[in-house]
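What follows draws every value from the coordinates through simple rules; no lab data is involved. Since the model is a prediction, treat every value here as computed from it, not as a measurement. When we count neighbours, we look across all protein chains shown, and the Cβ atoms used for this are built from the backbone with ideal geometry, even at glycine.
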Amino acid sequence: KRKPMALIKRLRKAKKETPELEKPQAIKTHLRDMIIVPEMVGCVVGVHQGKTFNSIEIKPEMIGHYLGEFSITYKPVKHGRPGIGATHSSRFIPLK
């Protein structure tokens with residue numbers, strides 16, 4: 001079974017059906033381990049990240065990279081303010 005070829009065929013079809021100067025319809029895929037080839041440039045791919053699909057427009061500088069590199073699978077950590085008990089020295093800070 002050649003899953004990457006099936007994706008490339010779907011991308012070709014989507015590219016052919018779109019009028020000039022428009023982005024083709026996004027093609028959803030779970031193939032995060034597929035390497036981006038020159039034929040895919042200009043296409044829009046929805047790469048699965050475990051829960052949803054991230055839309056990625058393929059650009060020439062992405063050639064040779066994996067699709068999964070452009071679809072982050074985790075939510076980046078946003079740390080809040082340190083509270084009471086955050087450090088050892090916070091014991092000696094008076095509670096206003």
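Find the residue count for the range 1-35, including only residues that are hydroxyl-bearing (S, T, Y) and more than 19 Å from H65 (Cα to Cα). Total satisfying the criteria: 1. In the range 28-52, the residues that are under 19 Å from P76 (Cα atoms) reach residues that are among the polar types (S, T, N, Q) with C-beta atoms within less than 6 angstrom, at least six apart or across chains, in these pairs: V47/N54; V47/S71; Q49/S71; Q49/T73; G50/T73. Based on what the data block shows, is K15 of a type outside the set (S, T, Y), surrounded by 16 or more Cβ atoms within 10 Å (Cβ to Cβ), out of contact with any Asp or Glu (no Cβ under 8 Å at 6 or more places or on another chain) and not in a strand (DSSP E or B)? Yes, satisfied. Scanning the range 44-64 for residues that are touching a strand residue (DSSP E or B) at 6+ places or on another chain (Cβ under 7 Å) and in a loop (DSSP other than H, G, I, E, B) yields I58, G64. Which residues, taken from the range 53-64, are touching a Gly at 6+ places or on another chain (Cβ under 8 Å) and without any contact (Cβ under 8 Å) to a residue 24 or more places away in the chain? Across the range 53-64, the qualifying residues are N54, I56, I58.
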